[in-house]
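Notes follow the structure.
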Amino acid sequence: MRTRFLRPGPRLTSVFLPVTLGLALLVALGVVGVARTAPASQERTGGRPASSEYVRIGTVSAAPAPVTGPAASVGTYTQECGRNTERHRNADNVVFLPGVTGGAHHTHDYVGNLSTNARSTNASLAAARTTCENGDRSAYYWPVVRRLDRTGTDAHTTGGGRDGNTGEIVTAASVRVEFLGNPASPVVAMPRFLRLVTGDPVAHLNQVPNIHAQWGCSGYAERFTTKYTLCPAGSGVTRTFDFPSCWDGLNTDSADHRGHAVFPGADGSCPQNTFAVPRLRVTVTYRLPAGTPYALDSFPEQMRDPKTDHALFLDVMTERQMARVVDCLNGGRHCTAD
């Protein structure tokens, strides 16, 4: 029997999205309001994290990989979307704070869709230009990383120095966008305009964290830590964003932006009543001179804590583009987007 997956139609979207966006705005603003009650003893001078928040990669152990089962989807699909040499950046977050310009209070780097900002809609995203060579108009974004030994050009603006995010923004040396299969089962297509988030931007103060920060160094595969990494000469600082890949089969978003798509279990299998979709992994690499102090952007109250690292994804692939991803993964092939 062929299983059919329901997708939200215009009527569902018109009812669901306003409720979702309103709740998201209240939740986000509520979190920030709580965060502002942090004791003064947690403040740092010059927006620089404590030395205890950096660790040498040699002390980090490799993460074990789930064992693949007989029904696993073991293919890969990789596409080139650039590294934001276009400098498409803003302090918006269209998923959590749609319509609120500068609402993130930290600066995001984008690849893919070149129009993404607080005012973006599904229609505007679908019509925009993209940096992805295969025409994928999806939006991929995360907080910028800055050198702390230099002064940024946004030292007096929202999202930059005005919000405690001092330093010069570093352009990534490379950004790898890839979709992976599931070690326990085949995958089904993501619905168009699916929203996904990984990581917890308020992990420094959050009582129920959703931490998925994975700092590492190039050449040290699967060695991840929630602290900033100190890499040896010739190795770049990496951030690896693994997104949730178990979808509820119906919704493209939810009130907390997490409930409609969750992470698989330790063995890679999806929870009951969810369906495995392609697992998005984005790896961002920075080449910094040895000993260069650096930190990511964060909400002011989150003190640039490395645990707050996070990323977001808005799927704007066409059905044909997504079908190719699914075919590659389920067919066990290793594909590169044209």
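The values are calculated or read from the model by the stated rules, or taken from the named source; none is laboratory data. Owing to the predicted nature of the structure, the values given are computational and were not obtained by experimental measurement. Note: ideal-geometry Cβ built from the backbone for every residue, glycine included; neighbour counts use all protein chains shown.
Structure data summary
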quantity: Residues of the stretch 219-237 classified as touching a helix residue (DSSP H, G or I) at 6+ places or on another chain (Cβ under 6 Å) and closer than 21 Å to Leu148 by Cα, total; calculated: 5
quantity: Per-region count, the stretch 246-264, residues outside any loop (DSSP other than H, G, I, E, B) and buried (at least 20 other Cβ atoms within 10 Å of the Cβ); calculated: 3
quantity: Hits in the stretch 286-314 - residues which are β-branched (Val, Ile, Thr) and part of a helix (DSSP H, G or I); calculated: Thr308
quantity: Total residues in the stretch 84-135, condition crowded, with 23+ Cβ neighbours inside 10 Å, among the small types (Gly, Ala, Ser) and not in a loop (DSSP other than H, G, I, E, B); calculated: 1
quantity: Qualifying position, being at pLDDT 95 or above and among the small types (Gly, Ala, Ser), among Gly268, Gly259; calculated: Gly259
quantity: Verdict on Arg287 being of a type in the set (Lys, Arg), touching a residue at least 60 places away in the same chain (Cβ under 8 Å) and closer than 16 Å to Thr240 by Cα; calculated: yes
quantity: Test result for Arg192, of a type in the set (D, E, K, R), touching a residue at least 24 places away in the same chain (Cβ under 8 Å) and assigned to a strand (DSSP E or B); calculated: no
quantity: Test: residue in the stretch 308-331 that is touching a helix residue (DSSP H, G or I) at 6+ places or on another chain (Cβ under 6 Å), in contact (Cβ under 8 Å) with a residue 24 or more places away in the chain and farther than 30 Å from Gly75 by Cα; calculated: yes
quantity: Residues of the stretch 246-279 satisfying the condition of being closer than 19 Å to Pro70 by Cα, of a type in the set (Gly, Ala, Ser) and in contact (Cβ under 8 Å) with a residue 12 or more places away in the chain; calculated: Ala266, Gly268, Ser269, Ala276
quantity: Exclusive hit being touching a Ser or Thr at 6+ places or on another chain (Cβ under 9 Å), surrounded by fewer than 22 Cβ atoms within 10 Å (Cβ to Cβ), over 19 Å from Arg304 (Cβ atoms) and aromatic (Phe, Trp, Tyr), set Phe275, Phe243; calculated: Phe275
quantity: Output for the stretch 227-240, where each listed residue is touching a Gly at 6+ places or on another chain (Cβ under 7 Å) and within 20 Å of Leu180 (Cβ to Cβ); calculated: Thr238, Thr240
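Let's see how each residue does on (1) of a type in the set (Phe, Trp, Tyr); (2) surrounded by fewer than 22 Cβ atoms within 10 Å (Cβ to Cβ); (3) part of a helix (DSSP H, G or I):
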| position | (1), (2), (3) |
| --- | --- |
| Pro232 | no, yes, no |
| Ala266 | no, yes, no |
| Arg281 | no, yes, no |
| Val284 | no, no, no |
| Ala323 | no, yes, yes |
| Gly332 | no, yes, no |
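Listed here are the residues, each with its yes/no results for (1) touching a His at 6+ places or on another chain (Cβ under 8 Å); (2) touching a residue at least 24 places away in the same chain (Cβ under 8 Å); (3) within 19 Å of Gly167 (Cα to Cα); (4) not acidic (Asp, Glu).
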residue: Tyr54; (1), (2), (3), (4): no, yes, yes, yes
residue: Pro64; (1), (2), (3), (4): no, no, no, yes
residue: Thr76; (1), (2), (3), (4): yes, yes, no, yes
residue: Glu80; (1), (2), (3), (4): no, yes, no, no
residue: His88; (1), (2), (3), (4): no, yes, yes, yes
residue: Ala91; (1), (2), (3), (4): yes, yes, yes, yes
residue: Val95; (1), (2), (3), (4): yes, yes, no, yes
